Structures are given as C-alpha cells and as structure tokens.
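Report on the structure given below.
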Ligand code: SF4
Ligand code: SF4
C-alpha cells in the first residue's frame with residue numbers, strides 16, 4: 001500500500017441514543033490513489049525509470065507462453081508461465097538479466113510498445129500509449145497490490161510453470177476456459 005495515498009479524514013456522525021442526540025467523531029483513512037497521477041499527463045517517453053517500473057501492474061500476462069495459429073494468425077495463450085516467473089507474486093525472478101536469460105523475453109519500451117500487438121489489452125503500457133487511463137484495480141490507483149488479483153487480472157490463480165514441460169507438449173496447455181480467455185483477450 002502506498003502511504004502517500006492515505007488521507008485521514010475526520011467524519012462526524014450524528015445519531016440518537018436513548019432518546020438523546022449524540023455526535024460521534026471517527027477517523028477514516030480514505031484511499032485516494034497515487035497523488036501524482038503521472039500517467040495522465042506524461043507520455044511513455046517522459047517517464048522516469050521509477051515511474052516506468054511502477055506502471056507494470058504485475059499481472060504476469062505478458063510472461064505466458066503463447067502460440068500463433070498459422071492459418072488464422074490468432075494468438076493462443078497457454079497457462080504456462082515463463083520459467084523465470086515467480087507465479088505466486090507474478091514477478092520475474094531475474095529481472096535485471098531477463099533478456100540474457102530468456103531469449104524470447106520481449107523488450108517493452110516506449111519505442112516498442114506500439115509494435116507489440118500481443119500486449120494484453122489491460123497492460124498499463126498499452127493503456128498509456130493509447131492515451132487511456134489505468135483501471136481502478138491498478139496498484140497506482142488502488143494503492144493495493146492485491147487489487148490486481150481481486151479483479152481477476154493476475155495469472156497467479158491458474159498459471160503453471162513451463163519448467164519441465166517438453167516443447168511438443170506445451171500446446172496442450174492452451175487456455176480453453178472462457179473466463180480466462182476473456183481476461184487475456186478482453
Ligand atoms: S502485461 Fe503489462 S502490466 Fe502486466 S505484467 Fe506484463 S508488462 Fe506488466
Ligand atoms: S524472463 Fe522474466 S520478464 Fe521475461 S518473460 Fe520470463 S518471467 Fe517474464
């Protein structure tokens with residue numbers, strides 16, 4: 001949770017107790033999201049490194065193994081996650097060396113994001129590149145990393161590691177569940 005997103009508000013409630021009017025003062029912590037909503041007024045090229053990294057919502061969708069149908073060009077997601085993905089927290093376990101360790105780990109940058117058609121529709125980089133706002137569940141908005149999971153966007157509930165799965169058998173893990181397909185394809 002982002003401490004800067006917490007605002008204390010004092011609320012007064014008026015109630016009646018035993019026939020008498022009473023005033024009860026309570027303290028409420030209101031979550032207002034990141035104070036500097038930089039993604040609304042900066043382009044991807046203008047972001048600092050810290051802002052860029054904070055944009056990733058940690059959904060893990062971009063770390064799934066995918067196939068492309070040769071006849072239809074349709075993108076087919078599998079439940080298999082890259083061997084370096086810690087599925088429990090949906091974070092890369094060797095982020096600094098990811099491109100050296102995994103040859104097909106794609107570089108997402110302000111220059112490439114427009115060309116990555118397979119980026120999930122909910123990916124924050126895609127949203128900002130398209131001039132759209134982040135969803136309510138993005139941690140920068142909700143100030144709660146758990147909201148990605150609550151919204152059903154995280155892969156952690158159903159993904160499994162590709163570790164030990166032979167290449168020829170990966171196709172068996174293509175997602176068929178309609179509710180997961182909806183999450184992945186919008
Ligand atoms: S799809 Fe986008 S927001 Fe989700 S983990 Fe990948 S880069 Fe981050
Ligand atoms: S190397 Fe890391 S960032 Fe790249 S696909 Fe694998 S888990 Fe994701």
**Request:** Just grab the label-to-label distance for residue 106 and residue 51, each label 7 Å out from Cα along the Cβ direction, in nm (one decimal).
**Result:** 2.4
**Prompt:** For region 164-182, list residues with backbone N below 14 Å from a point placed 7 Å from the Cα of residue 121 toward its Cβ?
**Reply:** 179-182
**Message:** I'm checking a number: the convex hull volume of the Cα atoms of region 35-75, normalised per residue, in Å³. What is it?
**Reply:** 123
**Message:** More than 22 angstrom separation, counting every C-alpha pair in region 48-164; what % is that?
**Reply:** 34
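Any read-out appearing in this document is the output of simple, stated calculations on the displayed coordinates, not a laboratory observation. None of the values given here were measured: they were computed from a predicted structure. Note that we place each Cβ from the backbone using ideal geometry, even for glycine, and neighbour counts take in every protein chain shown.
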